[in-house]
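Visitor: A single structure is presented below for examination.
Just so you know, all these numbers are worked out from the coordinates, no wet-lab data involved. This structure is a prediction, so every number in the text was calculated from the model and none was measured. Cβ placement follows ideal geometry from the backbone for every residue including glycine, while neighbour counts extend to all protein chains displayed.
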Amino acid sequence: MSDQATGDERVTEGTWALPLLIIIPLVAIRYFSSMSTPWLVIAWALWGLAALLAVVGWVSVVRHGVGDTKSWFTCALLHVALASQVVALLR
């Protein structure tokens, strides 16, 4: 049995789509609304969920490899969004 992953098992940009679907609206809402206490609690909870899903994505990358360049771009976009959101929440 080979350790090499086939193209069907490799991670694609879809791996990073779910955390992006969670974090991008948070970033947009942050820019257009005030940061009330309930909003901060919800934002931290959803940020944690997106971060957890990003970790799950990285586990898939380690196990199966990455499919193409689009996957890396989507991964980078997710990590930029996660970092910008956490910086804004810590202010």
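Visitor: Among the helices of the chain (complete DSSP H runs), which have Cα atoms covering no less than 27 Å along the helix axis and a Kyte-Doolittle mean of at least 1.6?
Guide: Helix filter hits for the chain: none.
Visitor: Calculated from the structure, Rg/Rh (Cα atoms, Kirkwood Rh) equals which of [x] 1.09; [y] 0.94; [z] 1.27?
Guide: [x]
Visitor: Please list, in chain and number order, the residues 5+ apart from Val66 or on another chain whose amide H is under 5 Å from its amide H, with Hs placed from the backbone.
Guide: Val11
Visitor: Please give the contour-minus-distance gain from Arg63 to Ile29: 0.36 nm per residue of separation, less the Cα-Cα distance, rounded to one decimal in nm.
Guide: Value of the extension gain: 8.8 nm.
Visitor: Same structure, new question: May I ask you to order 32-41, 68-77 by the average number of other C-beta atoms within 10 Å around their residues, highest value first?
Guide: 68-77, 32-41
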